[in-house]
Amino acid sequence: MAPDARSLIRRLKHIRAVSAGLTLAEDWAIRARARVDPNRSTPRNPVLSSQQRDLLVPLLRDGYVVIDGYWDQARCASARQAIDDHIQRHPDRVWRCPMGADHRLHGFDRVHAPTQALFRDPMLHGVAEAVAGHRVVNGFTLGARLDATPGNLGSGQGWHRDGITQYVKALLYLSDVDADHGPFQLVRHTRTLREQVSRILESGLQFRQIAFTDADIMRLERRHPGSVTTFTGSAGTLVLALTRHIHRGKPIARGHRYALTNYYFSESSVGPALADYYDRQVTFADGGSFDVDTVRAFEPSHRSS
Ligand SMILES: O=C(O)CCC(=O)C(=O)O
């Protein structure tokens, strides 16, 4: 696109009615395209267990649900050690943020057998699919350690929302996380089309905005006090969250935060473009890359049960 056209669009997006209109139009186009998409995939077995229903109801209502004690302390301690060992042994396979706080091991499930239990968890996978309304795949489990370095932005590098093909993340704390240890935070009422359009009209957010400043969030919080929700919890706590909400890991003030995160994607979005996106940025924990065929071939056990 010509630079003039780009700058015109940038200026138009500052007009709230234009941003709201574009958001509505894009949503309509996405839905229309999905209806005629020959590759559209639907879950073969949408039947949920009572445990899954118990997770799905608050997840859809609030945008998150917390499972206490998903892993016990011993398992968390051993995974923390495995993350430290891997970071030390394979520094070339670690993605680091510019402030040196966030250390990320993509595909930690490939090198740490106990993480497979989280990666494959059919209960979580089934809930992720029920939320999306179509087949999703778990692209990888991220193993991460955050260190409290000066000026760090926290996990995820600041307030953002995930892309339209990522509905849900499962984040498992491996260490105790209080307000100082970089907890996950989510801004409620920023996900649905209606909420997004309202936030544009009230608070000046913009069409397709995926990164947000602290000032943006303070404006939202002033209008809707209590929207920012902070997830503290002990090691072993799992947070399932709809990550089209604005969210971040809070900057870490003390010590370290260890976590594992499942990255669920719409199955139809997993292809060369996504692989290329990861190839350009990271080497996976086993030295490999995002492998479209392997990711798509994995058949979670809940589909056949
Ligand atoms: O780990 C967290 O607390 C959130 C990370 C996140 O949102 C991201 O990496 O996109």
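Measuring spread by the Cα atoms of segment 1-138 yields a radius of gyration and Dmax of 21.4, 58 Å.
Relative to its residue count, segment 231-296 spans a Cα convex hull of 155 Å³ per residue. Rounded to the nearest 20, the size of the Cβ-charge dipole of the chain about its Cα centre is 1020 debye, with Lys and Arg at +1 and Asp and Glu at -1. When the chain is treated as a GNM with alpha-carbon contacts under 10 Å, the residue of ALA211, ALA79, ALA170 showing the greatest mean-square fluctuation is ALA211. With the gyration tensor restricted to C-alpha atoms of segment 109-235, the semi-axes of the equivalent ellipsoid amount to 28, 21, 13 Å, longest first. The residue list TYR167, VAL228, PRO183 was ranked by how far each Cα lies along the charge dipole of segment 165-233 toward its positive end, using unit charges on Cβ atoms, and TYR167 comes out on top.
Counting Lys and Arg as +1 and Asp and Glu as -1, what is the net charge of the other residues whose Cβ lies under 9 Å from the Cβ of PRO183? Result for the local shell: 0.
Measuring nothing but alpha carbons in the chain and taking Rh as the Kirkwood radius, the Rg to Rh ratio lands at 0.96.
Working value for segment 55-114: equivalent-ellipsoid semi-axes of 28, 17, 10 Å, each the square root of 5 times a Cα gyration tensor eigenvalue, largest first. Once divided by 2.2 N^0.38 Å, the Cα radius of gyration of segment 138-179 becomes 1.37. Building the convex hull from the alpha-carbon atoms of segment 147-207 and averaging its projection over directions returns 5.7 nm².
Each Lys or Arg adds one and each Asp or Glu takes one away; over the other residues whose Cβ falls under 12 Å from the Cβ of ALA215, this sums to -1. Using a Gaussian network model of the chain in which every pair of alpha carbons under 10 angstrom is joined by a spring, one finds that among PRO98, PRO114, PRO251 the greatest mean-square fluctuation is at PRO98.
Span-like helix check, the chain: qualifying full DSSP H segments, with Cα axial length of 30 Å or more and mean Kyte-Doolittle of -1.0 or more, are 16-36.
Over the chain, DSSP H runs of length four or greater, each weighted -39,500 (n - 2.57), average out per residue to a 222 nm ellipticity of -11500 deg cm²/dmol. What's the percent breakdown of Cα-Cα distances in segment 191-303 across 10 Å bins, shortest bin first? Computed distribution, short to long bins: 9, 29, 33, 25, 4.
Bear in mind that the values in this text are calculations on the coordinates, not laboratory data. Keep in mind it's a predicted model, so treat the numbers as computed, not measured. Here Cβ is always computed from backbone atoms with ideal geometry, including for glycine, and neighbour counts include all displayed protein chains.
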